[in-house]
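> Have a look at the structure that comes next, please.
The values are calculated or read from the model by the stated rules, or taken from the named source; none is laboratory data. Nothing here was measured: the structure is a model prediction, and the numbers come from that model. Cβ placement follows ideal geometry from the backbone for every residue including glycine, while neighbour counts extend to all protein chains displayed. Protein only, heavy atoms only, side chains kept; ligands, DNA and RNA dropped before computing areas. Shrake-Rupley method; radii C 1.70, N 1.55, O 1.52, S 1.80 Å.
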Amino acid sequence: MKRLTAMLMVLGLFAAVPAHATPASDTLLAKYKSEGAKAPDAAKGKKDWTREEVVEGEKMSCATCHGSDFSKPGKHHKTGKVIEPMSMKVNAERYTDVKKIEKWFKRNCKDAWGRECTVQEKADFLTFLLAQ
Amino acid sequence: MKRYALMFCLLAAVQHTQADDLKVPKNALWEKECGACHVAFPPQLLTADNWQAMMDGLARHFGSNAELEARERKAITDFLVANAGTLARHRSASLRITETVWFKREHRSISPKEWVHPDVKTPSNCKACHNVVGHTSWAERDLRRTGGRSEQD
């Protein structure tokens, strides 16, 4: 009986870990922190998601291609390529690959804002997106 | 007579390889990275110079940033260059495969209406009509036309 109680307690501990994190996201958030990012701010990530910059004469934000309903696919504004949903609730592949996340942060920040994102911005985005 | 027979055989061989010459050695990195956004276009369809220019300009890749890490970019470039087309009909000043002489000739029977069909949208959307793409087969028997019609319909 004691053993069962202990097992249940251990299970309870696992359940207490927030569902919105992956080993890859943990790795990246630790990396951003080691590179100077302060505590991630999901609210800032949310605000930045729709922050528009003019790149090559076009107003661009993350939402331009991804949309703002994270359970739905997005669409690339130029090529029309379908972009799988950002929410890990409907897309289990999201945030599971460190290299892939970094690759797309680099490409997309440059496409939408004309520059790479800072480690703080990436930490904020990632924390915001993990909760969607 | 012998000479004609030989010529005939050679012609037949050329005809026969048309569908097969899009076969490429398996390359997982090329398929993964290029195929993440579009069909992994067979290297034979552009010249080595074209591929080199394409891979040197990934930061501005037809309207979007497609930068790769240096190591992966080099590995994919080497693969594309090693298997590139060698004939002038595969050269494209714009780097668009759809603007090569080869592409236009292969697709000369496709009506303008089909290129803009909602299922197709753009000539670079190979998958709209070619069922099997990549390193396996582009044979005409595997074609389908817009609206689900097969090539024979």
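> Which of the residues that make up segment B:91-131 are loosely packed, with under 13 Cβ neighbours inside 10 Å and aliphatic (A, V, I, L, M)?
Scanning segment B:91-131 gives B:Ala93, B:Val116.
> I need the full set of residues from segment A:85-107 which are within 14 Å of chain B (Cβ to nearest Cβ) and touching a helix residue (DSSP H, G or I) at 6+ places or on another chain (Cβ under 7 Å), in order please.
Once the filter is applied, which keeps residues that are within 14 Å of chain B (Cβ to nearest Cβ) and touching a helix residue (DSSP H, G or I) at 6+ places or on another chain (Cβ under 7 Å), segment A:85-107 yields A:Asp97, A:Val98, A:Ile101, A:Phe105.
> Tell me which of these A:Met86 doesn't satisfy, since it passes every other one: (1) outside any helix (DSSP H, G or I); (2) farther than 26 Å from B:Gly63 by Cα; (3) in contact with a Leu (Cβ under 7 Å, 6 or more places away or on another chain); (4) modelled with pLDDT of 95 or more.
The number of the failed condition is (2).
> Answer yes or no: is there a residue in segment B:41-63 that is within 14 Å of chain A (Cβ to nearest Cβ), touching a Phe, Trp or Tyr at 6+ places or on another chain (Cβ under 9 Å) and either β-branched (Val, Ile, Thr) or part of a loop (DSSP other than H, G, I, E, B) (or both).
no
> When both residues are 6+ apart or on different chains and their Cβ atoms are under 8 Å apart, which pairs have a first residue that lies in segment B:54-83 and is among the basic types (Lys, Arg), and a second that is part of a helix (DSSP H, G or I)?
Correct list of pairs: B:Arg73/B:Met55; B:Arg73/B:Leu58.
> In segment A:103-126, which residues are more than 21 Å from B:Phe62 (Cα to Cα) and open to solvent by 40 Å² or more (accessible area, probe 1.4 Å)?
Within segment A:103-126, A:Thr118, A:Gln120 meet the criteria.
> OK, next. Look through B:Glu33, B:Glu69 and report the one residue that is in contact with a helix residue (DSSP H, G or I) (Cβ under 8 Å, 6 or more places away or on another chain), surrounded by fewer than 16 Cβ atoms within 10 Å (Cβ to Cβ), within 14 Å of chain A (Cβ to nearest Cβ) and charged (D, E, K, R).
Testing whether each residue is in contact with a helix residue (DSSP H, G or I) (Cβ under 8 Å, 6 or more places away or on another chain), surrounded by fewer than 16 Cβ atoms within 10 Å (Cβ to Cβ), within 14 Å of chain A (Cβ to nearest Cβ) and charged (D, E, K, R) leaves just B:Glu69.
> In segment A:82-93, is there at least one residue being open to solvent by less than 80 Å² (accessible area, probe 1.4 Å) and of a type in the set (D, E, K, R)?
No, the conditions are met nowhere in segment A:82-93.
> Could you check segment B:83-132 and list, in sequence order, the residues that are of a type in the set (Ser, Thr, Tyr) and in a helix (DSSP H, G or I)?
B:Thr98
> I've got another one for you. Is there a residue being over 25 Å from A:Val55 (Cβ atoms) and assigned to a loop (DSSP other than H, G, I, E, B) anywhere in segment A:96-105?
For segment A:96-105, residues over 25 Å from A:Val55 (Cβ atoms) and assigned to a loop (DSSP other than H, G, I, E, B): present.
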